[in-house]
Amino acid sequence: MSEKTIFELSSPGRQGVRFPAPDVTPAELPDESLIRADLPLPELAEVDVIRHFTALSKLNYCVDSGLYPLGSCTMKYNPRINEDMARLPGFAFTHPLQPIETIQGSLALMFQMQEWLKEISGFEGVTLEPAAGAQGELVGVLIIRAYHQSRGDTKRTKILIPDSAHGTNPATSAMSGFEVLPVPSDARGNVDLEALKAVCDDTLAGLMLTNPNTLGLFDEHVLELIDIVHKAGGLVYGDGANLNAIMGVVRPGDLGIDVMHFNLHKTFSTPHGGGGPGSGPVGVAKHLVDFLPDPVVGIIEDATEEMPPLYGFVTPAKTIGRIKSFAGHFGVIVRAYTYVLMHGAEGLRDISEMAVLNANYLLSKIRHAYTLPYNRTCMHEFVLEGVWPDVADVHALDIAKRLMDYDYHPPTNYFPLIVHEALMIEPTETESKQTLDAFAETLLKIAEEAHTTPELLKEAPHKTPIGRVDEVRAARDLVLCCWIPEEPVK
Amino acid sequence: MFTPHTETEKKEMLNAIGVQKLADLFQDVPAKYRFPHLNLPDPLTEMEVAAEVGHFASANESTRDLVSFLGAGAYHHYIPAAVDSLLRRGEFFTAYTPYQPEISQGTLQAIFEYQSLIAALTGMDVSNASHYDGATAAAEAVIMAYHNFRGKRPRMVLSPSLNPQYRATLRTYTQGYNLDLVGDGKDADLFAGPDGLISLIDNNTALVMVQYPDFFGRVYDYTQLAKKAHEMGALVCVAINPTALGLFKSPGEMGADIVIGEGQPLGIPLSFGGPYLGIFAVRKEFARKISGRLVGESVDSRGNRAFVLTLTAREQHIRREKASSNICSNQGLMALASTIYMSLLGKQGFRQMAELCYHKAHYAAEKLAAIPGYSLCFNSIYFHEFVVCCPKPVAEINEHLLEHGIIGGFDLSEEYPSLPNHMLLAVTEMNSREEIDLLCEVLAEVSHE
Amino acid sequence: MNIPAELKFTKTDEWVKVEGNIATIGVSDFAQEQLSDVVFVEIVPGVGETVKAGGAAATLESVKAAADVNLPVSGKVTAVNAALADKPETVNTDPYGAAWMLKIELSNPAEVAALMDAAAYEAFCKERGH
């Protein structure tokens, strides 16, 4: 089954929205050479558009339809109140360049959010500007670069990245002009300290640490690790993508981490939107506050007895510069603010505790039927091997595809790279025991099927709107656009 | 709050795991720092939160309370009701990146349609699934051009009338590269137009970047500039305002190699600056050089048309430190909003809206220029933004306008010291003739004071 | 796995065939199998360019992986296989024939002597699980 495209649905002469006639005398249009002859957009009635996108929406799996255990993506439930708050007219209809006197509500909210994120993470400064986690990383690494340069320490050209770190880290470091060096993990899934010491020298700019790491494990020697990097003169970047395991449990700033990004779209329940928008605020320790991107929200005039403080935009003294238009994904920040306000300190700790409880509980139900490469208490997620020694030719991908037949979204697969045929499972705290029990049963059933009827897995999915897609054809004969029939791009 | 666990269930789960209490699960966390006290306000219920957050919103004055002539990169347009109605479907907003095509055809096809609509609008062959916003799309264009020449052409020629925030952002992004960014220095001639850039293009130039309409609202035909740039082997990037393309010739027709832009005007609320939408489109020969996600058409195992993320081997999670960008996400939901918006307006509605902006802006500009003490700064073709030379500093005038319930234009002296007393005004279909007349009235008063 | 006896190999899975002072280079059967279906080939240097061993020869992409092809030898590029861009699948179907990538006029023939012969390369592939 397939839904026609919006261009195929077009019927010349239709129009979904009309505009009033001009209430001013129309001006003369410029010379024809500058005016476009044709605007090749489709033509549909409003009802066509509603039905088309409603039909498309029905082809999606989403958090609202069920468990979405994508490791490291934190696909928790998205509270509906967040959506309402972000759409309040006082927020939605404000221009980013309005005079600050007219926008104190938004600025106060942003200032408060900066303060709360500082409190939650143990940092001294926070910027809300980054658009997503990857941009937060870029900001963090550029701050590390600026810090060393401000001290005239220009020989620091190397960033260390443990092999259990998030996949984005190497690209971020390279984009920031650093050389990237991997550090291996030890047998318990921690960063190998001996290997780390061997590469720490005066060319070290920093290390990018994901903790809990992508194996779902909290590094048992995290303090020692940070100390080694600091002693060599490097800074430690914390990848905050896995913050959902440790809110109210430990503050990354207290551990000695120098700079870290948050993922509001993971930890703070803002929706993933089918791929974005995210929001990736960055927190920094005291010695890095001056390097934050331009601008941050600050107090321009202190409060008096009669007047609240005046908030405004401030440029940090040694800023790395602006990293996007305006001051951040404000609509996403409102959602996260709402979420924190509903939880308080105890509620945030409860989130992390239930996330970790759910992951360990699910693991306890299925561990006998799958290979667990690191046998430790996990944090909010865990990684299995999606293969069995006594079953030839069934892979993690087949398990993932088979899960769809049982109405589940598959876990992350083939990541992290250090686990063979990895299946990375993160149930999140918003799933109930009943949901986890049912999912565990399904995973056990699939393990059994792999042994008895492996073809069920190899040919899966059977019950989805479409079957497996020919990805090789998509990449070889590129068709990226449907408005004019063209020769495939080569 | 959103955790469904009962106390009984928690106990059962701990038993199954084989630990006594929750804290036992956190033994790997250094004891010294475990379970800190967090100084946060007490939790509120949904009805309390709604009231509390509502206070912040009502402390703002929005474009519903005030008349606004502010643009400068973000624009107040009408958003048809059907856009948000569809965006609110959980099937769209609570889904993740469509990595599993079998259960993500909705998102995938919507992105494919977005790519197609952007290609149609810009006159380009290929659009990606979007970047964060206009400024970061500009940075990605520079990085793409750099890699296209394998780093052998370090020079990037930037128009001084390219949005200052775009220029600032691309500088931040590329500080780890050894680039030679020229053209937009303090001494740049703002009156020279695109021809002023031609002499800067040499055989070390990877990219020439201009804006259309430019930051001052001016509309230039870049065909000649593109021709000259191509003669030197350089690429041409045009930063667009998509609204203008409802009326004006597309950058594709002018020979652009890359088109970037801020997609916010396409059905996305102003929302105090974000989330917005970074448009990024190229000619087909550069399809494989684009960073960010791309959706392609293919077939499934049952022989039906199906859509899938493609060319993923270029991306950061596979190519790691050799990837040209670290971008992971796209502005999925914002791209969807713009797709719905363009579908609703369609061929005719989009043109009507663009013409409305054009006519109202010209009415406003001509009326303003007739007020003693005010004049139009540039003698060029313009779309829905224009620069007015004022008799007093803009900050002062804007204060006065605000007293009359009007948000004035952008104070150009902040970014262009050579343009003191210059105000950049934007007029869209949202501004009525009465509003424009009121603006002129108040401005006339100011000049008399 | 096919390892032609007359070719020389690198540890990064490029093959070199020397005829007179011209070296032809490509990637091995082992490499194409690891990559799976190749969907994109981009050859880096152009004809007439002087290149050094260790530099970039080409970029390959499959659906799930990307690989850089390194130059095994130094010299002047005398030919590039432009047809490969349109038929990337050739790397899978005929890695030692139609999927040749570059021809290089050797400036330092001693570099060839330092490469592995077929037997050594076969042992090297076996070590890596083949």
Please determine, by comparing only the residues of the stretch A:312-326 that are open to solvent by less than 10 Å² (accessible area, probe 1.4 Å) and more than 19 Å from the chain's Cα centre (by Cα), which one is nearest to the other protein chains (Cβ to nearest Cβ). A:325
Test for residue B:319: is it facing another protein chain (nearest Cβ under 7 Å), more than 30 Å from residue B:173 (Cβ to Cβ) and among the basic types (Lys, Arg): no
Would you please name the residue that is farthest from the other protein chains (Cβ to nearest Cβ), looking only at residues in the stretch B:372-385 that are buried (at least 18 other Cβ atoms within 10 Å of the Cβ) and in contact with a Ser or Thr (Cβ under 9 Å, 6 or more places away or on another chain)? B:374
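This table checks each residue for (1) open to solvent by 10 Å² or more (accessible area, probe 1.4 Å); (2) among the hydrophobic types (A, V, I, L, M, F, W, C); (3) in contact (Cβ under 8 Å) with a residue 24 or more places away in the chain; (4) under 29 Å from residue B:35 (Cα atoms).
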position	(1), (2), (3), (4)
A:89	yes, no, no, no
A:108	yes, yes, yes, yes
A:111	yes, yes, yes, yes
A:133	no, no, yes, yes
A:145	yes, no, yes, no
A:149	yes, no, no, no
A:166	yes, no, yes, yes
A:178	yes, yes, yes, no
Taking the stretch A:362-371 only, how many residues are assigned to a helix (DSSP H, G or I), crowded, with 18+ Cβ neighbours inside 10 Å and in contact with a Leu (Cβ under 6 Å, 6 or more places away or on another chain)? 2
Looking only at helices (runs of 4 or more DSSP H) that fall completely inside the stretch A:391-490, which ones have 1 or more residues that are more than 9 Å from chain B (Cβ to nearest Cβ), hydrophobic (A, V, I, L, M, F, W, C) and more than 29 Å from the chain's Cα centre (by Cα)? A:433-452, A:454-458
Among helices (runs of 4 or more DSSP H) entirely inside the stretch B:1-97, those with 1 or more residues being open to solvent by 70 Å² or more (accessible area, probe 1.4 Å) are B:7-17, B:46-59, B:81-87
With respect to residue B:296, determine if the residue is facing chain A (nearest Cβ under 7 Å) and open to solvent by less than 10 Å² (accessible area, probe 1.4 Å). yes
Filter result for the condition that a residue is touching a strand residue (DSSP E or B) at 6+ places or on another chain (Cβ under 8 Å) and either more than 7 Å from every other protein chain (Cβ to nearest Cβ) or of a type in the set (D, E, K, R) (or both), over A:104, A:114, A:98: A:114
Filter result (within 7 Å of chain A (Cβ to nearest Cβ) and either closer than 21 Å to residue B:333 by Cβ or open to solvent by 10 Å² or more (accessible area, probe 1.4 Å) (or both)) within the stretch B:277-292: B:284
Scan the stretch C:34-51 and give yes if some residue there is away from chain A (no Cβ under 14 Å), part of a helix (DSSP H, G or I) and under 21 Å from residue C:114 (Cα atoms), otherwise no. no
I'd like to verify a number: residues in the stretch B:387-396 that are touching a Leu at 6+ places or on another chain (Cβ under 8 Å) and either within 12 Å of chain A (Cβ to nearest Cβ) or closer than 12 Å to residue A:99 by Cβ (or both), how many? 1
Kindly provide the set of residues from the stretch B:322-335 that are open to solvent by less than 10 Å² (accessible area, probe 1.4 Å), at the interface with another protein chain (Cβ under 7 Å from one of its Cβ atoms) and in contact with a Leu (Cβ under 7 Å, 6 or more places away or on another chain), ordered by number. B:326, B:331
Which pairs do you get when a residue that is among the basic types (Lys, Arg), found in the stretch A:53-82, comes within reach of a residue that is part of a loop (DSSP other than H, G, I, E, B) and open to solvent by 10 Å² or more (accessible area, probe 1.4 Å), reach meaning Cβ atoms under 6 angstrom, with the pair 6+ apart or on two chains? A:76/A:430
Any hit, the stretch A:429-445, residues being closer than 26 Å to residue B:318 by Cα and open to solvent by less than 10 Å² (accessible area, probe 1.4 Å): no
Just checking, does the stretch B:339-355 include any residue being out of contact with any helix residue (DSSP H, G or I) (no Cβ under 6 Å at 6 or more places or on another chain), over 25 Å from residue A:49 (Cα atoms), at the interface with another protein chain (Cβ under 8 Å from one of its Cβ atoms) and open to solvent by 10 Å² or more (accessible area, probe 1.4 Å)? no
Go over the candidates C:59, C:90 one by one and state the one that is more than 13 Å from chain B (Cβ to nearest Cβ) and out of contact with any Ser or Thr (no Cβ under 6 Å at 6 or more places or on another chain). C:90
Step by step: first the residues of the stretch B:301-312, then only those that are part of a strand (DSSP E or B) and open to solvent by 10 Å² or more (accessible area, probe 1.4 Å), then the one that is farthest from residue A:475 (Cα to Cα). Which residue is that? B:305
Are there any pairs, at least 6 apart or on different chains, whose C-beta atoms fall under 8 Å, with the first in the stretch C:2-16 and under 15 Å from residue C:112 (Cα atoms) and the second open to solvent by less than 80 Å² (accessible area, probe 1.4 Å) and among the basic types (Lys, Arg), and if so, which? C:6/C:17; C:7/C:17; C:8/C:17; C:15/C:8; C:16/C:8
Within the stretch B:25-35, does at least one residue satisfy the condition of being in contact (Cβ under 8 Å) with a residue 24 or more places away in the chain and touching a helix residue (DSSP H, G or I) at 6+ places or on another chain (Cβ under 8 Å)? no
Any residue at all in the stretch A:372-385 that's modelled with pLDDT of 95 or more, buried (at least 24 other Cβ atoms within 10 Å of the Cβ) and under 24 Å from residue A:277 (Cβ atoms)? yes
For the stretch A:31-60, which residues satisfy the criterion of being part of a loop (DSSP other than H, G, I, E, B) and open to solvent by 20 Å² or more (accessible area, probe 1.4 Å)? A:31, A:37, A:38, A:40, A:45, A:58, A:59
Counting just the residues of the stretch A:257-300 that are in contact with a strand residue (DSSP E or B) (Cβ under 7 Å, 6 or more places away or on another chain) and more than 19 Å from residue A:138 (Cα to Cα), which one comes out surrounded by the fewest Cβ atoms within 10 Å (Cβ to Cβ)? A:300
All but one of (1) within 8 Å of chain A (Cβ to nearest Cβ); (2) free of Cβ contacts under 8 Å to residues at least 12 places away in the same chain hold for residue B:76; state the number of the condition that does not hold. (2)
What's the number of the condition residue A:357 fails, among (1) at the interface with chain B (Cβ under 9 Å from one of its Cβ atoms); (2) crowded, with 24+ Cβ neighbours inside 10 Å; (3) within 21 Å of the chain's Cα centre (by Cα)? (3)
Out of A:69, A:170, I need the residue that is farther than 19 Å from residue A:284 by Cβ, in contact with a Lys or Arg (Cβ under 9 Å, 6 or more places away or on another chain) and not charged (D, E, K, R). Which one? A:170
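The values are calculated or read from the model by the stated rules, or taken from the named source; none is laboratory data. In this text the structure is predicted, and so the values were computed from the model without any measurement. Note that we place each Cβ from the backbone using ideal geometry, even for glycine, and neighbour counts take in every protein chain shown. Surface accessibility is based on the protein's heavy atoms, side chains included, excluding ligands, DNA and RNA. Shrake-Rupley method; radii C 1.70, N 1.55, O 1.52, S 1.80 Å.
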